[in-house]
1. For a quick check: with amide H placed at 1.01 Å from N, whose amide H comes under 5 Å from His114's, ignoring anything fewer than 5 positions away on the same chain?
2. Simple spin-label model, 7 Å along Cα-to-Cβ: Lys116 to Lys186 in nm?
3. What percent does the relative contact order of the range 152-250 come to when contacts are Cα pairs within less than 8 Å and at least six residues apart?
4. Taking the Cα centre as origin and putting +1 on Lys and Arg beta-carbons and -1 on Asp and Glu beta-carbons, what dipole magnitude results for the chain, to the nearest 20 debye?
5. Calculate the FRET efficiency for Ala71 and Asn141 from the Cβ-Cβ distance with a Förster distance of 56 Å, rounded to the nearest 0.05.
6. Counting only DSSP beta bridges with both residues in the chain, tell me the antiparallel percent, nearest 5.
7. Evaluate 2.2 N^0.38 Å with N set to the residue count of the chain, then give the Cα radius of gyration divided by it.
8. Which entries in the list Lys259/Lys308; Lys102/Lys321; Lys95/Lys116 go over 27 Å, if you measure between the two C-alpha atoms of each?
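Every read-out reported here was derived from the displayed coordinates using simple, explicitly stated rules and does not represent laboratory data. This is a predicted model, so every value here is computed, not measured. Here the Cβ positions follow ideal geometry from the backbone for every residue, glycine too, while neighbour counts run over all protein chains shown.
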Amino acid sequence: MKRLTLTLLLVIVLVGSVFMTGLAAGKVLHIYTAFDTEEAKYYIDAFEKETGIDVEWVRMSSGEVLARIEAEAANPQASVWHAGSNTSHINAALKGLLEPYKPNTDFELSEILHAKDWAWTGFYTGAIGFVSNINFLKEHNVEAPTSWSHLLHPAFEKNVAMAYPYTSGTAYTTYATLVQMIGLEKTLDWWEDFDKHSILQYTKSGTACISMVGLGEVAVGIAFSHDIMAKGINAGYPVVMTFPLEGTGYEVGGLSLIKGGPEPELGKQFIDWCFTKQAQDLFQKYNRLPVNPKATVAEGSVTLDQVKLIDYDHIWAGENKDALVTAWRDRIGK
């Protein structure tokens, strides 16, 4: 009888072990990320290692993520939208695609870093800047651009690259910055000249122009400062970073819980993790500016107080994104 009891106990322990292993194996979180593939993997691998939660993820530019979430609204396939300028997250919230969630943090998030109803939260920041090829500048005896008007310099004719404003949060922030500075019609007038005289190529991703500049395929690109640092300067390319003296816009990188996503509790756990010191310290590798005051800012990073920023209205930019993109495509024809 005693041997039978021990045998039954052993069976119960083994069955319980298998059951718990099955539960652990079933912990899979689905994410759409707007970070470049290498960078996304760096953060997601750290989360998996720390929590034991498996993550299946797809990398897309922020405009593509928004389109995917909208298309899947009746049957969401992911639980978290990870990164990308908050203007796209704001637009998604306006369309009822996000589930409000206030992250569990040990510090207060300023008002600019979250929606009033917490439909999105911001977990990094960065300003729009110009990246220029040093060899080109020397060869053509021209200075790196320090004004939006300098992008129309004859030396840069058909020698500038950037992303489409409808696929990239980087490019949309650039476009919305100009609209907020000089108005829609003047921006579209300027952009017609810019497109005709200066643009060689539009890309899908906001960071693609940086390596193009580094390789000498174009002279100048427009991107976020942290990406120029990480993927241009720190990568060893012969490039220099400058900012428009009349003012530039900036992004608040967004995090959102997708409404109706398959793993909401795992999604919340991931969002909470993204604000921890250990997670925010990872931004040093890619020069993003963390929002956790305890996190370390990478050496050489350009903080927002070091450049002239316009009074950039993220909410307005997000709420008016569809109309602004339509106006851009109607005029520029891309």
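1. The answer is Gly122.
2. A separation of 3.0 nm, rounded to one decimal place.
3. Numbers: 135 pairs, mean separation 33.9, N = 99.
For the range 152-250, the relative contact order is 34 percent.
4. Charge dipole of the chain: 880 debye, to the nearest 20.
5. Working: r = 50 Å, r/R0 = 0.89.
Calculated value: 0.65.
6. Antiparallel bridges: around 60 percent, rounded to the nearest 5.
7. Rg over 2.2 N^0.38 Å, computed on Cα atoms: 1.13.
8. Beyond 27 Å between Cα atoms: Lys259/Lys308.
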